[in-house]
Amino acid sequence: MRGQVVKLDRGYPLVRTDEGRLVRCEHATALVKGERVRAVIGDFVEVDAPEGHDKGIIERICPRSREFVRKDPTERALPQVLAANFDRVLVAQPLSDMNFKRLERELVLAYETGADVAVVLTKADLAESDEAVRSVRARVHDLAGPAAETVVVSAEDPASVEAVRALVPPGTTAVFIGKSGVGKSSLVNLLVGDEVQETAEVREGDGKGRHTTVSREMIRVPNGGYVVDMPGVRGLGLWDADAGIEAAFADVEELAESCRFRDCRHVDEPGCAVRAAVESGELSEARFASYQALRQETVQVKERREEARRMRGEKASTSGKPRGGKARKKKR
Ligand code: GDP
Ligand code: ZN
């Protein structure tokens, strides 16, 4: 039978079958042997439920329409898929404690999936003034581009979460990313109208500490679709990110089209339009530095992959990615 992985924790994946039954499952040996394939949250799977066996067996993982991939933080050159088959990525950051560098990275990873992207600015009640809210919002809009919606929420103002609910319409799934502590769980609880996710207070209060919360779950949003909270995701190393960078840095890419050389690295080439824009102040130094650093990171990860492949004696091949990043409107 067919089903979808709706919860992943330290134990066995929980699959909801098409008939609506929840079944704990393990992977068929043939599926995981040799390769490191594992079902992730959101995966559609074929499950076998042998008689006299207390668990279902995942026989096949269906091709993914979309995946959220980062570089495996524990391995040198392996991708790690964190979620599959979603429609939108919601990037959460606290409005009064923004980390714009991290936001740029989060946007690259989000755009790379090809899904819709939105930014959720949390804890608006802690902002100094309405003016501060407006100015952060404008800066985020500049970074994220016109394709990404930006919403402002506060746990103190339940009505504010309706803007988030609208980003998760029925029949769709949204994945939340953001550093621990930005208020994702609180937001999920507000959306659901119940304490379905343990917030920081609960996690710390139970004496187990926050590091125990690693479960990923698809949570049903009333009058909406599903959200996936991804706690415990710290590092966001880039894997394939060319399309994501192109979309998340459309402003820089657009400038680069006027560079004299198509493969301009914007370092010391003559006729570099990007560096000219930095010098004239049209493009900020910080923005340019982020762009160069993220591009450099993808070059490095590609080199390491090639190196690892050579060591395994394999030929260069394209990765089995489901798609390329979604082209974002270049005009801003
Ligand atoms: P998560 O780690 O992203 O899931 O973040 P939590 O939802 O656990 O929230 C982290 C902390 O921020 C907790 O102490 C929350 O009570 C607090 N918090 C969450 N949302 C808000 C908000 O809108 N305003 C304020 N002032 N605090 C919030
Ligand atoms: Zn250039």
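The values are calculated or read from the model by the stated rules, or taken from the named source; none is laboratory data. It should be emphasised that the depicted structure is a prediction, and the values quoted were computed from it without experimental measurement. Don't worry about glycine lacking a Cβ; one is built from the backbone with ideal geometry, like all the others, and counts go over all protein chains shown.
Determine whether the stretch 122-134 contains at least one residue that is outside any loop (DSSP other than H, G, I, E, B) and under 19 Å from the mean Cα position of the chain (by Cα).
Yes, the conditions are met somewhere in the stretch 122-134.
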#### Entry: Output for the stretch 155-180, where each listed residue is among the polar types (S, T, N, Q), under 18 Å from ASN223 (Cα atoms) and out of contact with any strand residue (DSSP E or B) (no Cβ under 6 Å at 6 or more places or on another chain)
SER160, THR172
### Task
Within the stretch 165-182, identify whether any single residue is away from ligand 2 (no atom under 16 Å from the Cβ), modelled with pLDDT of 95 or more and among the basic types (Lys, Arg), and answer yes or no.
yes
### Query
Residues in the stretch 274-293: is at least one part of a loop (DSSP other than H, G, I, E, B) and crowded, with 19+ Cβ neighbours inside 10 Å?
yes
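Go over the candidates VAL168, VAL164, VAL182, VAL151 one by one and state the one that is in the same structural domain as THR122 (by TED's automatic domain parsing), near ligand 1 (Cβ under 10 Å from one of its atoms), among the aliphatic types (A, V, I, L, M) and crowded, with 16+ Cβ neighbours inside 10 Å. Show your work before the answer.
Working: VAL168 fails: near ligand 1 (Cβ under 10 Å from one of its atoms); VAL164 fails: near ligand 1 (Cβ under 10 Å from one of its atoms); VAL151 fails: near ligand 1 (Cβ under 10 Å from one of its atoms).
The unique qualifying residue is VAL182.
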### Query
Which condition number does PRO146 fail, the rest of (1) buried (at least 20 other Cβ atoms within 10 Å of the Cβ); (2) closer than 30 Å to ALA289 by Cα; (3) modelled with pLDDT under 90 being met?
(1)
